Amino acid sequence: MTTKRLVLTFLTLLTTLIVGLALLNSWHQPQIQTQLELYQTNLVLQASDWSPLATPQAPQASELERSPEAESAATALRSQHVLLGESLLGADPVAAAITQYQKVRESAQVTLERAEPQAREAAQAAKLAMQTQQFIAELDLHLGLLEAVQGDTATAIATWEQVIQQAAHLKPETVQMAQVLRGLWQVPPQLLPDADLRLQSLNGWFRYQALHRLYELQQRPDSLANLEQMQQQAAQRSLLRLTIVNGIPILGLLVGSSLLIFLVVQQWLHGKEALLARNDDQVWSTPWDGETIWQVLVLFFLGQFVAGQIILPILLQTLGIKPANFSSLGQALYYLVVYALLIAVGLGAVYFSIRPFLPLPPQWFPLRWRGNWIGWGVGGYLVALPLVILVSLVNQRLWQGQGGSNPLLSTILASQDWWALLCFFITASIAAPLFEEFLFRGFLLASLTPLVSVNGAIAVSALVFAVAHLSLSEVLPLFVLGLVLGVVYTRSRNLLAPMLLHGLWNSGTLVSLVILGSSHS
């Protein structure tokens, strides 16, 4: 064995250890999907208070004023509202929300039970345990309100009592909120002096329900009327957001499923003449061997770790910069700079490894503006929708809300700064698709085709692409997305096609995060 292979073997073992530990660490982290489900649940609750849905009675009018035509129109309108409400919101949004909150709470409790035994020895585990305990308490605040609105006052008060009993481990404002809510629903009610001010920190539907109860007890009809008006406006906005978040993906899902069925049937009927059979057996003329591929991957993964986990933290510490204190725009710029650094590492690994083989044949890294790359990119996106959604549903059952997620997603969800969102868009929808498709499809997939079949190269590159995101819960959905990206590239022979698909995918995710995040107020 040559010295180079000995070094590569050692670096491979080191890289495998680093990647394995990162994946193992993500096992105990909550998924962003859990947070998204809560945000969407809250959006449904807010939209359910839109008056035509919540109170589908006919408009107020005397019996003499109601003509048969008006009565018929009112009946039709009520039917439309009921159908719209049930299709978007479900038959009983509050009951569904209780189920969702209980599900998330159970998942958080599992995380807490895993972290607590290590909390005394590991600072990171202790921090995770504290954060999870606080998160569970905040869930209980909302869960108690849901129970109270459902009429189960005794259970609601017991839920808030649990929060109060854990006062030593929670933020003071969380405990004080539990005391305010308990006072509103206990018999006789106990209205704390600062109740109005404290309830303002609740979000959306929960704030409305708590303030409605307070104003009723205080007999403040003017405040109630203003509250109702504000809630109707918020409910209308929520209904629009819900239509965008759910309606557009459902439409894409239907179109994508139809397109997928068409492609499968065409493949069965036409064989080698079908769209999916195009270029499916044509390999790239590769001037390097498997050792070069091996070297690029090792340098890429190890370089990412060294640059992102060692060099950058040391540099920030030397300069006295703390990313945790950044504003929303500061965090967005920070992520953009970090990703630019990782791109430099990846491009450097590829260039260093293939430099002896330059110049490359024209089939390598093709970016041709002519051709049907837009059709392949958009079509691939539509086909990916039903496949990834189906796999994600299975994945959710498998991981039960654990397995980690890209931390960038949570940051985007919490951001409402449009300049910050622009930076996130540049990072996620432009920089990431360009670089990742260059590396995983342009280099890795093409390099593997002389060693394995084209379909085998698609599968291997998709797996490496999924693992590179370092979150266990994302491996399966990203693997499926990687398969579609690989098929699109090998059939179109144009890197612009998977880049477009990847950009559309990340942009769709970004839009959903922005809409859900904007509704959490």
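The charge dipole of the chain, taken about its Cα centre with unit charges on the Cβ atoms of Lys, Arg (+1), Asp and Glu (-1) only, comes to about 1720 debye.
Site pair SER518 and LEU24 shows an inter-label distance of 4.4 nm when each label is modelled 7 Å from Cα along Cα→Cβ. Taking all protein chains as shown and a probe of 1.4 angstrom, ARG5 keeps an accessible surface of around 110 Å².
Ligands, DNA and RNA are left out, and with a 1.4 angstrom probe the accessible area of the chain is 51 Å² per residue. Applying the criteria of a DSSP loop state and at most 13 other Cβ atoms within 10 Å to the trypsin sites (Lys or Arg not before Pro) of the stretch 347-456 yields ARG368, ARG370. Given a 1.4 Å probe and the protein chains as shown, TYR334 ends up with an accessible area of around 60 Å². Element breakdown for the chain at a 1.4 angstrom probe: carbon and sulfur atoms account for 64% of the accessible area. Set against the 2.2 N^0.38 Å expectation for a compact globular protein, the stretch 311-373 has a Cα radius of gyration ratio of 1.72. The angle separating the long axis of helix 172-185 from the principal Cα axis of greatest extent in the chain is about 40 degrees. Computed from the Kirkwood radius of its Cα pairs, the Stokes-Einstein diffusion coefficient for the stretch 326-417 at 10 °C and 1.306 mPa s stands at 89 µm²/s. For a straight C-alpha distance cut-off of 27 angstrom, the lysines reachable from LYS322 (same-chain residues fewer than eight places away being disregarded) are LYS127, LYS171. Between helix 373-399 and the chain there is an angle of about 60 degrees, using the helix long axis and the longest principal axis of the Cα atoms. Scan (1) 29; (2) 42; (3) 35 for the value of percent of Cα pairs over 37 Å apart calculated from this model and give just the label. So the structure-derived entry is (2).
Between THR2 and LEU316, the FRET efficiency from the beta-carbon distance, with R0 = 30 Å, is close to 0.20.
Note on TRP418 and GLU113: their simple-model spin labels are 4.8 nm apart, each label 7 Å out from Cα toward Cβ. To the nearest ten degrees, helix 472-492 and the longest principal axis of the Cα atoms of the chain are 50 degrees apart. The chymotrypsin sites (Phe, Trp or Tyr not before Pro) of the stretch 195-291 meeting both criteria, a DSSP state outside H, G, I, E and B (loop) and at most 16 other C-beta atoms within 10 angstrom of the site's C-beta, are TRP288. A simple rule links phi to the HN-Hα coupling: the Karplus curve 6.51 cos²θ - 1.76 cosθ + 1.60 with θ = phi - 60°, which for the stretch 460-467 gives 5, 5, 5, 5, 4, 4, 5, 5 Hz, with x for Gly and Pro.
Between the stretch 323-364 and the stretch 454-491, the C-alpha centres lie 20 angstrom from each other.
Phi-derived couplings, Karplus 6.51 cos²θ - 1.76 cosθ + 1.60 at θ = phi - 60°, listed residue by residue for the stretch 304-321: 4, 5, 4, 5, x, 10, 10, 5, 4, x, 5, 5, 5, 5, 4, 7, x, 9 Hz, with x used for Gly and Pro.
The values are calculated or read from the model by the stated rules, or taken from the named source; none is laboratory data. Computed from a prediction, not measured in an experiment: that's the story for all the values here. Here Cβ is always computed from backbone atoms with ideal geometry, including for glycine, and neighbour counts include all displayed protein chains. Side chains are part of the model used for accessible areas, which takes the heavy atoms of the whole protein and leaves out ligands, DNA and RNA. Shrake-Rupley method; radii C 1.70, N 1.55, O 1.52, S 1.80 Å.
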